[in-house]
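So the structure is just underneath, and the comments pick up after that.
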Amino acid sequence: MRILERRHRRGTTTTQALRYQLAACCADGAIEAMVVADGDGLPLASSGDTFACDEVAARMVLVGTRIKEFDGTLLGGGQRWDVQMQKVTVDGSDLLVCAVGGTAIQRKRQIARGAEGALRILATA
């Protein structure tokens, strides 16, 4: 039986693998940007609009300390972002997986996919 390889690119580093995962999520869900951030709001990997990723990561860390998931609108610096966030725990550290733009349904779908991928990738690191 032949196994179908669904990945088109393989990262040689953990960060590159995370970027490829997020890029695939953005493309498949018509998402403007996705980011995985640490507990300090620093992006570990991102795809899409760099400014949106940096701003959303920095702002969502304030929300992420109190809740596990967020779906809403962030305002700041003359910008407005429709955002979905899910907190995941890797080796005792909380990470935030955030999706910006697209429809609410696609953000939810791609956040689940991105969080699962991040956990899988980081478990092998």
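The values are calculated or read from the model by the stated rules, or taken from the named source; none is laboratory data. This structure is a prediction, so every number in the text was calculated from the model and none was measured. Backbone-built Cβ (ideal geometry, glycine too); neighbour counts: all protein chains shown. These accessible areas exclude ligands, DNA and RNA; they are computed on the full protein's heavy atoms, side chains included. Shrake-Rupley method; radii C 1.70, N 1.55, O 1.52, S 1.80 Å.
Quick notes
- Count of residues meeting criterion [of a type in the set (A, V, I, L, M), in contact with a helix residue (DSSP H, G or I) (Cβ under 8 Å, 6 or more places away or on another chain) and open to solvent by 20 Å² or more (accessible area, probe 1.4 Å)] in the stretch 14-23: 1
- The condition of being in contact with a Lys or Arg (Cβ under 9 Å, 6 or more places away or on another chain), open to solvent by 50 Å² or more (accessible area, probe 1.4 Å), at pLDDT 90 or above and under 23 Å from A17 (Cα atoms) holds for only one of D71, D94, that being D94.
- Test for R19: is it within 21 Å of S93 (Cα to Cα) and more than 13 Å from the chain's Cα centre (by Cα): no
- Among the residues making up the stretch 27-68, a single one is among the acidic types (D, E), more than 12 Å from C98 (Cα to Cα) and touching a strand residue (DSSP E or B) at 6+ places or on another chain (Cβ under 7 Å): D49.
- Taking the stretch 50-107 as the range and being acidic (D, E) and either in a helix (DSSP H, G or I) or under 20 Å from C26 (Cβ atoms) (or both) as the test, the residues that pass are D54, E55, E69, D71, D82.
- Lone unmet requirement of (1) open to solvent by 20 Å² or more (accessible area, probe 1.4 Å); (2) part of a loop (DSSP other than H, G, I, E, B) for I31: (1)
- Residue count for the stretch 104-123 satisfying the condition of being over 17 Å from K68 (Cα atoms) and either within 12 Å of the chain's Cα centre (by Cα) or in contact (Cβ under 8 Å) with a residue 60 or more places away in the chain (or both): 4.
- The stretch 38-49, subset in a loop (DSSP other than H, G, I, E, B) and under 24 Å from A125 (Cα atoms), residue farthest from the chain's Cα centre (by Cα): D40
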